[in-house]
Amino acid sequence: MRLLAEERTMIGIIGYGSMGGMLARGFVAAQAVPAAQLCIAARSAASRARATAELPGATVTADAAAVARQAGLLFLCIKPL
């Protein structure tokens, strides 16, 4: 099942901790979207390195605003302050 693959909608995920990582890996594992349609923002260098290693082809950055601008569908996976 390819959820949004035909539309080529960019899926943005801000935060790559427990929830953001689970969503991103789940989308790819279920073949709902290819990794190339994922745009992920992670604050720490360690989280960005993990996302890059786990999801080859995904765009990974520290710039959450850029992810929000690119995404047609956005998931906020961060803890409230």
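The values are calculated or read from the model by the stated rules, or taken from the named source; none is laboratory data. This structure is a prediction, so every number in the text was calculated from the model and none was measured. Counting neighbours? That spans all protein chains shown, and the Cβs are built from the backbone with ideal geometry, glycine included. All accessible areas refer to the heavy atoms of the entire protein, side chains included, with ligands and DNA or RNA removed. Shrake-Rupley method; radii C 1.70, N 1.55, O 1.52, S 1.80 Å.
The table below gives the values:
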{"item": "Between helix 45-54 and the chain: long-axis angle, C-alpha atoms, 0 to 90°, nearest 10", "result": "20 degrees"}
{"item": "For LEU74, distant residues with modelled amide H under 5 Å away", "result": "GLY12"}
{"item": "Å² of accessible area per residue within the chain, as computed with a 1.4 Å probe and no ligands counted", "result": "59 Å²"}
{"item": "Rounded percent of accessible protein surface that carbon and sulfur make up, the chain, 1.4 Å probe", "result": "61 percent"}
{"item": "Magnitude of the charge dipole, the chain, Cβ model with Lys/Arg +1 and Asp/Glu -1, debye to 20", "result": "180 debye"}
{"item": "Whole-number percent relative contact order across the chain, with pairs defined as alpha carbons under 8 Å at least 6 apart", "result": "41 percent"}
{"item": "Over the chain, equivalent-ellipsoid semi-axes from the Cα gyration tensor in Å", "result": "18, 13, 11"}
